Amino acid sequence: MLYKNFIDGQWVDTATGKTFKSLNPADTSDELGEFPASNAQDVERAVQAAERAFREWSKIPAPKRGELLFEIGERLKRHKEDLAQIMTREMGKVLKEARGDVQEAIDMAYYIAAEGRRLFGYTTPSELPLKHCISFRRPVGVVGVITPWNFPIAIPGWKIFPALVAGNTVVWKPATDTPRCAYEFVKILEDAGLPKGVVNLVFGGGNDVGIPLAKHPKVARISFTGSTETGREIYKYGAEKLAKVHLEMGGKNPIIVLEDADLDLAIDGILWSAFGTTGQRCTACSRLIIEDGVYDKLLEKLVERTKKLRLGNGLDPTVDVGPVVNRAALEKIARYVELGVKEGAKLLCGGQIAKDGDLAKGFFFQPTIFADVTPTMRIFQEEIFGPVLAVTKAKDFEDAIALANNTSYGLSSSIYTRDVFKAHRAMDEIEAGITYINSGTIGAEVHLPFGGIKNTGNGGRESGWTAIDEYTEWKTIYIDFSGRLQKAQGID
Ligand code: NAD
C-alpha cells in the first residue's frame with residue numbers, strides 16, 4: 001500500500017512523487033508499505049500548516065488540550081496489540097518489548113494529559129508595595145520533531161505529547177526505517193479529533209526532510225533523538241537561527257559488578273540490558289566492568305546464559321533476541337567485531353552474522369561477548385548499537401568508577417553491590433544522566449527526567465516534569481496597583 005504525508009489534516013502526496021519501502025528486518029519479503037520520499041517543499045507546506053494551526057491551538061485552555069491527550073492515550077491502549085505487532089514486523093524488537101514501547105507512549109499520554117491542569121508558574125513577592133509579580137509558561141510555536149527507529153512509538157510520544165499540552169504545534173519527521181509505525185501513530189491522533197494542522201507528518205530522509213525542517217526559520221524549537229553525529233549537525237542549524245534544540249543522543253552505558261554483588265541478579269540485569277532490543281537501545285549496556293575477585297566466575301555463568309538466548313523473528317514468543325534493524329547495521333556490527341578481535345579482545349561467544357534456516361531471511365547477529373577489553377580499544381569507546389558486550393576487569397571500586405567514566409558518553413549506568421556506602425558513592429560519582437542500583441541500565445519511567453550528559457545530550461531532559469521546559473518559554477508579569485510610578489532597585 002502507498003501511504004501519504006499528513007499535512008493540515010489531509011493525507012497528501014509528496015511534491016517529489018518519489019517513494020521508499022519499509023521492510024521487515026526479520027524477513028525482507030514482508031513489506032510494510034511504500035512511503036513518500038519527501039523534500040523541502042513538503043516541509044514548507046507542513047510548517048505553514050503548523051503555523052496557522054498554532055493560532056487556535058495555543059488559545060485552547062491547557063486542561064482541554066490535556067483531555068484530548070487523555071483520549072489519545074485511551075486509543076493507544078485500545079490499539080496496543082496491533083501497534084506492537086506492526087512495530088515488531090517493522091523494526092524487529094520482540095513482541096513483549098514492542099508492547100512495552102507502546103505502553104510508554106500510553107503512560108506519557110496519561111501523565112502529560114494531567115499536566116494540562118498544572119503547567120505551574122511561580123508567584124513571588126515584589127520588592128515594592130502594592131505590586132504583584134507572577135510568571136507563567138507560554139508555548140513556543142512550531143516544534144520540529146526528528147526521531148529514530150528504535151522506539152518508534154514511545155519517543156514520538158515523549159516529544160509530541162508535552163509539546164501539544166503546552167500549546168505548540170508539530171511537524172514530525174520519523175526515521176525512514178519505521179514509517180509505518182509513524183503512520184499508525186498519527187492515524188490515532190487524527191481519529192482522536194486533533195484539529196487540522198496541529199500535528200503534521202512528513203516522511204523522508206535526513207538530508208531531504210530532516211535538514212530543511214531543522215533549518216526552517218519558522219520552526220521555533222527542534223527536538224531530536226538519534227546519533228551524536230546527527231545531533232551535533234542539527235545543533236548548528238538551531239544556533240544559526242537562535243532556536244533552542246533538545247538533543248538525546250548515543251550511549252556507551254556501563255554496568256559495574258562488585259565482588260559483594262548478587263551475581264545471579266546481576267546476570268539477569270546484564271542479559272536484559274545488553275541483548276534486549278538486540279542491543280539497539282540508547283540505554284543498552286555495552287560495557288560490563290567486573291571487580292577482579294568475581295571476574296572469571298561471573299563471565300563463565302554469563303556466557304553460558306548468553307549461548308542459550310534464542311535468536312529469531314520477534315513475533316515468535318519463544319524468541320529472546322530479534323534481528324537488527326537493517327543491512328547497514330548488520331555490516332557495521334560485523335566490522336566492529338572484526339575490529340575487536342584485531343585489537344586483541346578475547347571473543348567468548350557469538351561474533352557471527354546468523355544465517356541458519358529462517359535467519360537467512362533477515363538481519364541477525366549472534367549475541368556477542370568480548371572479554372579483556374581495555375579502555376584504549378575502540379570497542380570500549382564507540383557506540384556499536386547491536387548485541388555486543390565489552391567486558392573489562394576492575395582492580396577495585398575506585399578503578400571500576402574510573403573505567404565507567406572513561407567514555408565520551410553519559411546516558412545510563414548501573415552498579416550491582418550490597419554495600420550501601422559504595423552504592424551511594426556510585427550515585428554521586430558515575431558521570432551519567434541515569435544510574436540504577438542493583439538493576440540493569442534500562443527501565444526508565446515516563447514521570448522522571450530522562451537524558452544524558454557529555455556527548456549524549458546538551459542539557460535538556462525528556463519525560464517527567466522537565467519535558468515541559470523543552471516546549472515552553474517563561475513570561476514574567478508585573479502588576480502595579482499603587483496608582484503611582486514606583487521604581488525598582490531603590491531609584492528615588
Ligand atoms: P540517526 O542520527 O541516524 O537518525 C535519527 C533521525 O535523524 C532519523 O529520523 C534520521 O532520518 C534523521 N537524520 C539523519 N541525518 C540527519 C540530518 N543530517 N539532519 C536532520 N535529520 C537527520 O540515528 P538512528 O540510527 O535513527 O538512531 C540510533 C541512534 O539514536 C543511536 O546513536 C542511539 O543511541 C540514539 N538514541 C538515543 C536516545 C536517547 O534518548 N538518548 C534514544 C534512542 C536512540
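The values are calculated or read from the model by the stated rules, or taken from the named source; none is laboratory data. What you see is a predicted model, and the numbers here were worked out from it, not measured in a lab. Using ideal geometry, Cβ is built from the backbone for each residue, glycine included, and neighbour counts are taken over all protein chains shown. SASA here: full protein model, heavy atoms, side chains in, ligands and nucleic acids out. Shrake-Rupley method; radii C 1.70, N 1.55, O 1.52, S 1.80 Å.
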Across the range 139-158, which residue is most open to solvent (accessible area, probe 1.4 Å) among those that are more than 8 Å from the ligand (Cβ to nearest atom) and in a strand (DSSP E or B)? PRO139
The range 441-461, subset charged (D, E, K, R) and more than 24 Å from GLU382 (Cβ to Cβ), residue most open to solvent (accessible area, probe 1.4 Å): GLU445
Selection count, the range 1-35, where residues are open to solvent by less than 20 Å² (accessible area, probe 1.4 Å) and outside any loop (DSSP other than H, G, I, E, B): 8
For the range 36-53, check the following and say yes or no: at least one residue is within 18 Å of GLY167 (Cα to Cα) and of a type in the set (Lys, Arg). yes
Test each condition in (1) within 22 Å of LYS252 (Cα to Cα); (2) in contact with a Phe, Trp or Tyr (Cβ under 7 Å, 6 or more places away or on another chain); (3) surrounded by fewer than 15 Cβ atoms within 10 Å (Cβ to Cβ) for LYS475 and report the one that comes out false. (1)
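One line per residue, one yes/no per condition, for (1) of a type in the set (S, T, N, Q); (2) touching a helix residue (DSSP H, G or I) at 6+ places or on another chain (Cβ under 9 Å):
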site: ILE401; (1), (2): no, yes
site: THR407; (1), (2): yes, yes
site: GLY410; (1), (2): no, no
site: ASP419; (1), (2): no, yes
site: ALA423; (1), (2): no, no
site: ASP428; (1), (2): no, no
site: ILE434; (1), (2): no, no
site: ASN438; (1), (2): yes, yes
site: VAL446; (1), (2): no, yes
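So, of the residues in the range 161-179 that are part of a helix (DSSP H, G or I) and of a type outside the set (Phe, Trp, Tyr), which turns out to be nearest to the ligand (Cβ to nearest atom)?
Only one residue fits best here, namely PRO179.
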Residue in the range 412-426 that is closer than 24 Å to TRP272 by Cα, aromatic (Phe, Trp, Tyr) and within 12 Å of the ligand (Cβ to nearest atom) present: no
The helices (runs of 4 or more DSSP H) lying entirely within the range 180-275 that contain at least 1 residues which are open to solvent by less than 10 Å² (accessible area, probe 1.4 Å), of a type outside the set (Gly, Ala, Ser) and not assigned by TED's automatic domain parsing to the domain that holds GLY141 are 263-275
Based on this model, can you work out whether ILE477 counts as more than 16 Å from the ligand (Cβ to nearest atom), within 19 Å of ALA274 (Cβ to Cβ) and at pLDDT 95 or above? no
Quick check, is ARG310 charged (D, E, K, R), open to solvent by 10 Å² or more (accessible area, probe 1.4 Å) and under 30 Å from SER223 (Cβ atoms)? no
If you scan the range 402-435, which residues turn out to be among the acidic types (Asp, Glu) and in contact with a Gly (Cβ under 8 Å, 6 or more places away or on another chain)? GLU431
Would you confirm whether any residue within the range 221-233 is closer than 24 Å to ASN150 by Cβ, within 10 Å of the ligand (Cβ to nearest atom) and more than 17 Å from the chain's Cα centre (by Cα)? yes
Scan the range 234-246 residue by residue and report those that are touching a residue at least 12 places away in the same chain (Cβ under 8 Å) and more than 7 Å from the ligand (Cβ to nearest atom). TYR235, TYR237, GLY238, GLU240, LYS241, ALA243, LYS244, VAL245, HIS246
In the range 119-126, is there at least one residue being in a helix (DSSP H, G or I), touching a helix residue (DSSP H, G or I) at 6+ places or on another chain (Cβ under 9 Å) and assigned by TED's automatic domain parsing to the domain that holds ILE155? no
